[in-house]
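Okay, structure first, notes after.
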Amino acid sequence: MSKGANELVEIQLKDLLKEIEVVTSGDCLSYLGLIAFGADDAIRDAVEALRGRSKQRGRKLMVILETQGGFAEVARRISDTIRNHYMTVDFLIPSHAMSAGTILAMSGDAIYMDYYSVLGPIDPQVESQDGNKLIPALGYLIRYEDLLRKANSGNAGAAELEILLNFDQGELYSYEQARDLSVSLLEEWLAKYKFKNWKKTDSRGLKVTLAMKKKKAREIAQMLNDAKRWNSHGIGINIDRLRRDLNLKIDDFGKVENLNRLVRSYHKLLTDYMQKRGQRAVVHTRMSYQQLL
């Protein structure tokens with residue numbers, strides 16, 4: 001695309017995002033890409049620029065998020081950064097937010113999805129031994145634990161014992177830390193933000209205590225962290241299943257006609273533009289369009 005064409009597309013994207021801001025009554029920030037180191041820095045810069053121009057202190061931020069996942073610790077840093085500037089933070093998922101993206105979305109006061117949107121299991125990702133790719137940590141932990149049980153019961157073959165002995169104990173410990181961090185973040189964020197307006201139980205009308213909120217948050221975190229339950233790191237969990245199986249309140253932006261139209265137009269234009277320009281990660285606000293990778 002020519003420079004002039006790029007400028008026209010970015011003007012269209014900014015105008016659409018500003019319309020979404022009017023409908024959602026707050027600032028908007030879009031992040032499409034891996035939840036990886038560098039994303040936190042770019043989001044910090046974008047948020048600080050937005051807050052510098054906002055007239056109302058404590059305004060709401062809508063984060064439009066699309067990601068295959070990444071690092072739980074980066075998700076935590078992004079959430080902490082956003083919460084430093086905004087009292088209310090909502091997440092809107094036009095297509096998918098997997099793994100660390102699901103963790104990050106769970107830090108929102110509200111989550112907006114439609115019938116097409118999916119979240120994923122909170123299987124944390126870590127760097128491979130060669131550092132060239134991200135791998136799901138739970139798969140390695142489950143494989144190691146299965147082999148260890150076989151070995152302890154005397155049922156492991158020679159090939160399985162060799163695999164077991166080749167597991168790096170330091171790496172296994174880092175996988176356990178990533179798993180535990182994912183669960184603890186969900187326990188903290190769900191109880192503090194997502195459940196903050198949960199005052200009474202639906203069935204008996206009992207007063208909801210902080211202990212009840214934490215218990216429910218822990219149950220949801222453990223279900224999302226159960227790799228065997230979902231069978232796949234990359235499986236998509238849609239709005240109906242999140243509501244039914246996890247009893248999570250999810251807002252359906254597809255039922256809000258004007259918001260649905262704007263989000264779908266904006267998301268399609270942005271993803272098409274990124275594809276044509278070969279961009280893998282972008283932070284976009286009404287103030288700036290920043291390519292990360």
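Given R₀ = 35 Å, what would the calculated FRET efficiency be for Leu269 paired with Asp45, taking r from the Cβ atoms and rounding to 0.05? The pair Leu269/Asp45 has a calculated efficiency of 0.90.
Taking the number of Cβ atoms within 10 Å of each Cβ as an exposure proxy, the fewest-first ranking of Asp240, Asp252 is Asp240, Asp252. Taking Cα atoms only, the orientation of helix 137-152 departs from the longest principal axis of the chain by about 10 degrees. Only beta bridges with both residues in the chain are counted; by DSSP, about 40 percent of them are antiparallel. Panel order for Asp90, Asp45, by other beta carbons found within 10 Å of each beta carbon, from fewest to most: Asp45, Asp90.
Residues with beta-carbon under 10 Å from that of Lys194, excluding Lys194: net charge, scoring Lys, Arg +1 and Asp, Glu -1?
+4
The ranking of Leu50, Leu206 by Cβ neighbour count inside 10 Å, starting from the fewest, reads Leu206, Leu50. For the range 224-293, the relative contact order comes to 13 percent (Cα pairs under 8 Å, sequence separation of at least 6). Helix 39-53 and the long axis of the chain differ in direction by around 30°, with both axes built from C-alpha atoms.
I'd like the FRET efficiency for Ile235 and Lys255, computed as 1/(1 + (r/R0)^6) with the beta carbon distance as r and R0 of 25 Å, rounded to 0.05. Show your work: numbers first, answer last.
On the way: r = 25 Å, r/R0 = 0.99.
Plugging the Cβ-Cβ distance into 1/(1 + (r/R0)^6) gives 0.50.
For the chain, relative contact order (Cα pairs under 8 Å, six or more residues apart, normalised by length) works out to 24 percent. At what distance in angstrom do the alpha carbon centres of the range 242-263 and the range 184-206 lie from each other? If we compute the Cα centre of each part, the gap is 19 Å.
Residues in the range 160-192, backbone N under 11 Å from the label point at Lys150 (7 Å along the Cα-to-beta-carbon vector): list them, ranges by number please. The answer is 160-164, whose backbone nitrogens lie closer than 11 Å to the label point.
Taking a point 7 Å from the Cα of Arg143 along the Cα-to-Cβ direction, the residues of the range 156-193 with backbone N closer than 16 Å to it are 157, 159-176. For a paramagnetic label modelled on Met87 (point 7 Å from Cα along Cα→Cβ), amide N atoms under 11 Å away are absent within the range 189-215. Straightening the chain between Glu160 and Val22 buys 43.8 nm, computed as 0.36 nm per residue apart minus the Cα-Cα spacing.
Readers should treat all values here as calculations from the given coordinates under stated rules, not as data from a laboratory. What you see is a predicted model, and the numbers here were worked out from it, not measured in a lab. A quick note on method: Cβ atoms are made from the backbone with ideal geometry, for glycine too, and the neighbour counts reach across all protein chains shown.
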